[in-house]
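Okay, structure first, notes after.
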Amino acid sequence: MREVRERRTVHTAMTAVSRLPATVLYVGLLLATAAWMADQSVQERARFVRHNSSNVHHLEVGKWWTLFTSGLVVDGVPVLLGIAAVAVVLGLAEWRWGGIRGFGVFLFGHVVATLLTEGAMWLMHLAHLPGALSRARDVGISYGLVATTACLLALAGRRVRLLGLTALTVLLAVAWVIDQELADAGHLVALGLGVLGSRSRWFHSYRRSGAAQHEHATVA
């Protein structure tokens with residue numbers, strides 16, 4: 001009996017790997033980065049975050065790769081909680097849409113929201129406005145996570161779409177009003193990018209499928 005359970009567990013794990021390669025790879029990179037950082041000194045962790053922040057200074061000097069490496073650090077929430085959230089949200093997106101679409105939305109939200117928020121910071125810096133930091137700490141998974149969640153909700157059934165997007169928007173707006181940080185504004189930008197992504201040609205068939213299911217439920 002125990003051997004049967006073990007075989008089932010192995011089979012389930014292999015199925016997940018075969019169906020969710022992008023999620024498994026990204027979660028593995030997040031876990032590896034988190035494990036490495038946990039083994040480093042406080043100074044070394046701070047240096048790593050500093051060198052991988054996708055801030056105005058790094059983008060100005062051509063370190064565009066920080067747009068991607070900044071997404072390897074879980075910041076602002078407990079590490080395992082953040083990685084679990086990525087596994088669930090990105091895994092669901094990849095399961096429904098495939099790896100290219102699922103991870104594509106995540107990457108689109110992460111990169112474009114970062115460029116827009118850092119672009120705003122760059123303009124503030126040029127105008128010598130207070131609070132414009134060219135070397136700000138800017139790492140994390142939240143932009144991609146919010147964009148993917150918003151896209152999933154936007155392509156869900158009508159009730160889930162309305163309630164889910166409304167609740168997420170209110171939650172992020174309240175956080176921005178309370179904290180008044182650029183990252184909080186970036187979360188609202190990422191939400192908009194996720195909804196925008198759901199309206200792209202990539203998801204045309206999913207929108208048609210959702211509309212057909214809604215019409216069938218209405219008739220029934």
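The values are calculated or read from the model by the stated rules, or taken from the named source; none is laboratory data. If you're wondering where the values come from, they're calculated on a predicted model, not measured in any experiment. Here the Cβ positions follow ideal geometry from the backbone for every residue, glycine too, while neighbour counts run over all protein chains shown. Calculation scope for accessible area: heavy atoms of the full protein, side chains included, ligands and nucleic acids excluded. Shrake-Rupley method; radii C 1.70, N 1.55, O 1.52, S 1.80 Å.
Descriptive notes on the structure:
- When Val146, Val195, Val139, Val189 are checked against the criterion of being in contact with a Cys (Cβ under 9 Å, 6 or more places away or on another chain), of a type in the set (Val, Ile, Thr) and closer than 15 Å to Gly109 by Cα, a single residue qualifies: Val195.
- Some residue of the stretch 27-40 being open to solvent by 60 Å² or more (accessible area, probe 1.4 Å) and acidic (Asp, Glu): yes
- Residue within the stretch 127-134 that is touching a residue at least 12 places away in the same chain (Cβ under 8 Å), part of a loop (DSSP other than H, G, I, E, B) and open to solvent by 50 Å² or more (accessible area, probe 1.4 Å) present: yes
- Candidates in the stretch 71-89 are the residues that are of a type outside the set (A, V, I, L, M, F, W, C) and at pLDDT below 95; of these, the one that is least open to solvent (accessible area, probe 1.4 Å) is Asp75.
- Summed over the stretch 151-199, residues that are within 30 Å of Leu133 (Cα to Cα), modelled with pLDDT of 90 or more, aliphatic (A, V, I, L, M) and open to solvent by 40 Å² or more (accessible area, probe 1.4 Å) total 9.
- Residues within the stretch 49-90 that are under 16 Å from Tyr143 (Cα atoms) and in a helix (DSSP H, G or I), tallied: 18
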